[in-house]
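The values are calculated or read from the model by the stated rules, or taken from the named source; none is laboratory data. Bear in mind the structure is a predicted one, so any value in this text is a computation, not a measurement. Backbone-built Cβ (ideal geometry, glycine too); neighbour counts: all protein chains shown. Ligands, DNA and RNA are stripped out before the accessible areas are found, and what is left, the full protein with its side chains, is counted by its heavy atoms. Shrake-Rupley method; radii C 1.70, N 1.55, O 1.52, S 1.80 Å.
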Amino acid sequence: MEFGELPPQLMDAFMRILNNHLDVAEVNLENDKVLFPLLVFINRDYSMGQIIPLQPPMNTVINSEAALEAAVQILNASYFEKALFSCTTKIKSESSVVDAVKTVLFDGSGIAATFFTPFHYKGLFSKKVTYAKNIFDGIRTDLLRRG
């Protein structure tokens, strides 16, 4: 399934949540240089509700797949309308490996959309995060058990 095949309201909600999240993540990336795995329940007004860290900050090696599995287990045991999983990772570009924010957006119906947002730092003294264009990685309907 392609992103454009989703209902317009869901596409709009996912894009609003993604953009809000990247704005908030920018501060973390500038300060900490990493975004540790987290699960966020999203309120009706698209603000962040409950935030659940999925990895202790002492462990600097991020296993995004294991963290996503933990997030899915929590979501399967929870009621939610929208949720977000996110962390930093590395992805291959045409010629190199780049840093990216991995974001999986969940709808309570069981639909999950994955995005990678490459980023780099600009500036001589104060390193500012600069995002590249979001990369849509796909829609999944098999991550959550919804009945």
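Couple of notes before you dig in:
- Accessible area in square angstrom per residue, the range 1-137, 1.4 angstrom probe: 56
- Computed log₁₀ I(q)/I(0) - Debye formula, equal Cα scatterers, no solvent, the chain, q 0.18 Å⁻¹: -1.09
- Cβ-defined net charge surrounding T117, 12 Å radius [Lys, Arg +1; Asp, Glu -1]: -2
- Dividing the mean sequence gap of close Cα pairs (under 8 Å, 6+ apart) by how many residues the chain holds gives a relative contact order of 20 percent.
- Against the chain, whose longest principal axis is taken from its Cα atoms, helix 8-32 shows a tilt of about 30°.
- Cleavage-rule hits, GluC sites (Glu not before Pro), the range 1-64, DSSP coil, Cβ neighbours within 10 Å at most 16: E2
- Computed from phi, the 3J(HN,Hα) profile of the range 106-122 under the Karplus parametrisation 6.51, -1.76, 1.60 (θ = phi - 60°) reads 10, 10, x, 6, x, 7, 10, 10, 10, 10, 10, 10, x, 8, 8, 9, 10 Hz, with x in place of Gly and Pro.
- Accessible surface of the chain, 1.4 Å probe, proportion on carbon and sulfur as whole %: 53
- Cβ-based net charge around K128, under 9 Å, with every Lys or Arg adding one and every Asp or Glu removing one: 0
- Each label was represented as a point 7 Å from its Cα along the Cα-to-Cβ direction; for D12 and T130 these points are 3.3 nm apart.
- Net length available on complete extension from R44 to N20 is 7.3 nm, with 0.36 nm assigned per residue and the Cα-Cα distance removed.
- Applying a DSSP loop filter and a limit of 10 other Cβ atoms within 10 Å to the GluC sites (Glu not before Pro) in the range 50-147 leaves E94.
- Lysine-lysine proximity count for the chain, Cα under 26 Å, sequence distance 8 or more or distinct chains: 25
- Our helix-only sum for the chain, with -39,500 (n - 2.57) per DSSP H run of n ≥ 4 divided by its residues, gives a mean residue ellipticity at 222 nm of -9000 deg cm²/dmol.
- Cleavage-rule hits (trypsin sites (Lys or Arg not before Pro)) in the range 88-147: DSSP loop, at most 11 neighbouring Cβ within 10 angstrom: K133, R145
- On Cα atoms only, tilt of 64-76 relative to the major axis of the chain in degrees: 30
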